[in-house]
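Comments concern the structure below.
The values are calculated or read from the model by the stated rules, or taken from the named source; none is laboratory data. Predicted model, so just to flag it, every value in this text is computed and none were measured. Cβ coordinates were reconstructed from backbone atoms using ideal geometry, including for glycine residues, and neighbour counts include every protein chain displayed. Side chains included, ligands, DNA and RNA excluded: accessible areas come from the protein's heavy atoms. Shrake-Rupley method; radii C 1.70, N 1.55, O 1.52, S 1.80 Å.
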Amino acid sequence: MYEDLNGKVAVVTGGSKGLGSAISERFGQEGMKIVINYNSDPVGAQKAADAVKDAGGEAVTVQANVSTEKGVQSLLDAALDNFGDLDVWVNNAGMEIKSPTAELSLDDWNKVTSIDQTGVFLGSRTALDYFLKKDKKGNIINMSSVHERIPWPTFASYAAAKGSVKLFTQTIAMEYAKQNIRVNAIGPGAINTPINAKKFADKEQYDATVNMVPMDRIGKPEEVASAAAWLASDQSSYVTGITLFVDGGMTLYPAFKDGRG
Ligand code: NAD
């Protein structure tokens, strides 16, 4: 638990399930007030809000598409209207589309990058603008992936967007460091969330994924949420511009794990 987080206000995008709802719940345990954004699943968002309240925090749910300026602005407005401030903005919403790149439609490319890349830009810009106007020591956390580093054939739009999130995070971290605004990314590996439900339901694909993880297991959403809480807290006060990989070692060239090579 991080005492400085108690009472702080956060926006968490894509909070109706998976990592976004786990981060919201963890922030609730820290006594935070949270705007839980959802795009199409009000029931999931309400469940996450109930979990936040049960954990001791406060929460409201807001429908918004993070790839639109209007949607993102409505999240800031909800934070100010309901809780009077903003301290932490988590750009978590994301999606992926599998396709051989030679067959990838422009429409599908735009779908992925408008959320995974443009959504991160719009959320960050909105938060930065507020922090600067209020002269606030603000905090932005962008959900990247191990695929900001590891190429992923048939998921080129996703890997391109996450690679962009890495340099975007580093760039704005440097740009606003003097104003005491910290910007970091989290790079999850293979985590048990709905985005992976179909893949992990197939035993062969599940085992193949575990085999890419030196720690020999799939990660839990709470393990990513712990990283978000630490990055949001003053315990990471001298940390900016990093990607904190939460991946059981997936980025450590696991092909070499048995001493091969
Ligand atoms: P998920 O599919 O369970 O949840 C994604 C969330 O984003 C959902 O709530 C969805 O409604 C929301 N979303 C999608 N489009 C949106 C839009 N236009 N506006 C607002 N919300 C929108 O996936 P997850 O595993 O929880 O992933 C969360 C983030 O973590 C994503 O950015 C993903 O790329 C990243 N990530 C996940 C893993 C993993 O293994 N689960 C690994 C690496 C990175």
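Here the calculated FRET efficiency for Ser105 and Leu132, from their Cβ-Cβ distance with R0 = 41 Å, stands at 0.60, rounded to the nearest 0.05. Straight-line cross-link partners of Lys199 among the lysines, defined as a Cα under 16 Å from its Cα and at least 8 positions apart when in the same chain: Lys98, Lys220.
As a test of the formula, what do you get for the chain when each DSSP H run with n ≥ 4 contributes -39,500 (n - 2.57) and the sum is divided by the residue count, at 222 nm and rounded to the nearest 500 deg cm²/dmol?
Numbers: 9 runs with 113 residues, N = 261.
After summing the helix terms and dividing by the residues of the chain, the value is -13500 deg cm²/dmol.
Each of Ile97, Ala156, Ala229 was scored by the projection of its Cα onto the charge dipole of the chain, and the greatest displacement toward the positive side belongs to Ala156; charges sit on the C-beta of Lys, Arg, Asp and Glu.
Out of the trypsin sites (Lys or Arg not before Pro) in the range 193-261, which ones are loop residues according to DSSP with at most 13 other C-beta atoms within 10 Å?
On the way: sites: Lys198, Lys199, Lys203, Arg217, Lys257, Arg260; in loops: Arg217, Lys257, Arg260.
In loop regions of the range 193-261 (DSSP not H, G, I, E or B), the sparsely surrounded trypsin sites (Lys or Arg not before Pro) are Arg217, Arg260.
Tell me the relative contact order for the range 161-218 as a rounded percent, counting alpha carbon contacts under 8 Å between residues six or more apart.
Values: 24 pairs, mean separation 13.1, N = 58.
That works out to 23 percent.
Output the relative contact order of the chain, whole-number percent, from Cα pairs under 8 angstrom with separation of 6+ residues. Relative contact order of the chain: 19 percent. Heavy-atom accessible surface of the range 74-201, averaged per residue, reaches 45 Å², computed with a 1.4 Å probe.
With springs only between Cα atoms under 10 Å, which of Glu204, Glu223, Glu30 fluctuates most in a Gaussian network model of the chain? Most flexible of the set in this elastic network: Glu204.
Using a Gaussian network model of the chain in which every pair of alpha carbons under 10 angstrom is joined by a spring, one finds that among Leu75, Leu104, Leu86 the greatest mean-square fluctuation is at Leu104.
Under a Cβ-only charge scheme (Lys and Arg +1, Asp and Glu -1), can you give me the dipole magnitude of the range 53-133 about the Cα centre, in debye to the nearest 20? Don't skip to the answer; put the middle values down first.
Values: 6 positive and 13 negative charges, 20 e Å.
About 100 debye.
Can you give the charge dipole size of the range 20-61 about its Cα centre, rounded to the nearest 20 debye, using +1 on the beta carbon of Lys and Arg and -1 on the beta carbon of Asp and Glu? Walk me through the numbers on the way to the answer.
Numbers: 4 positive and 6 negative charges, 10 e Å.
Dipole magnitude for the range 20-61 comes out near 40 debye.
For the chain, a Gaussian network of Cα nodes joined below 10 Å ranks Thr101, Thr61, Thr251 by mean-square fluctuation, and the top entry is Thr101.
Does the range 100-159 come out rounded, prolate or oblate, given a ≥ b ≥ c as the square roots of the eigenvalues of its C-alpha gyration tensor, rounded meaning a/c under 1.5 and, failing that, prolate meaning a/b above b/c? Kindly include the intermediate steps, with their values, before the conclusion.
On the way: a/c = 6.45, a/b = 2.26, b/c = 2.86.
Taking the square roots of the gyration eigenvalues as a ≥ b ≥ c, the range 100-159 is oblate.
In this Cβ point-charge picture (+1 for Lys and Arg, -1 for Asp and Glu), the chain has a dipole of about 360 debye about its Cα centre. Projecting the Cα atoms of Gln63, Ile195, Pro42 onto the dipole axis of the chain, where Lys and Arg carry +1 and Asp and Glu carry -1 at the beta carbon, places Ile195 farthest toward the positive end. Probe radius 1.4 Å, ligands and nucleic acids ignored: give me the carbon and sulfur share of the accessible area of the chain as a rounded percent. Of the solvent-accessible surface of the chain, carbon and sulfur hold 52 percent.
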